[in-house]
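Structure, as structure tokens:
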Amino acid sequence: GRKKDKARITALLCSNATGSKCLKPLFIGKSNQLRCFKHKSASWLGFYYKNNKKVWMILEIFLD
């Protein structure tokens, strides 16, 4: 057998019912800076990116 891939990312997408108010997407991953973005920041690309060890939505992320 092979080991399962442990790559994870959590996404939070938020909007009101009519769609008139949309927030930027929030992605949570394991690493500080994703390699695929190279030298570009998440805010420049139009979303928020946070990281933590287990890729969970924790209180500290929402307090920022």
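Every number here is computed from the coordinates shown, using simple stated rules; none is lab data. Nothing here was measured: the structure is a model prediction, and the numbers come from that model. Cβ atoms come from the backbone with ideal geometry, glycine included; neighbour counts cover every protein chain shown.
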For the chain, built as a Gaussian network whose Cα springs stay under 10 Å, the top-fluctuating residue of Leu12, Leu34, Leu45: Leu45
When N is the residue count of the chain, what does its C-alpha Rg come to as a fraction of 2.2 N^0.38 Å? 1.31
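State to the nearest 20 debye the size of the charge dipole of the chain about its Cα centre, where the only charges are +1 on K and R beta carbons and -1 on D and E beta carbons.
Details: 14 positive and 3 negative charges, 102 e Å.
With only Lys, Arg, Asp and Glu charged at Cβ, the dipole is about 480 debye.
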What percent do you get for the relative contact order of the range 10-63 when only Cα pairs under 8 Å and 6+ apart count? 36 percent
Karplus ³J(HN,Hα) for the range 51-56 (6.51 cos²θ - 1.76 cosθ + 1.60, θ = phi - 60°; Hz, whole; x = Gly/Pro) runs 9, 7, 4, 9, 6, 9
I want to verify a result. In a Gaussian network model of the chain, Cα cutoff 10 Å, which of these has the top mean-square fluctuation: Asn16, Asn52, Asn32? Asn16
Checked against the positive end of the charge dipole of the chain (+1 on Cβ of Lys and Arg, -1 on Cβ of Asp and Glu, about the Cα centre), the farthest of Leu12, Leu26, Cys36 is Cys36
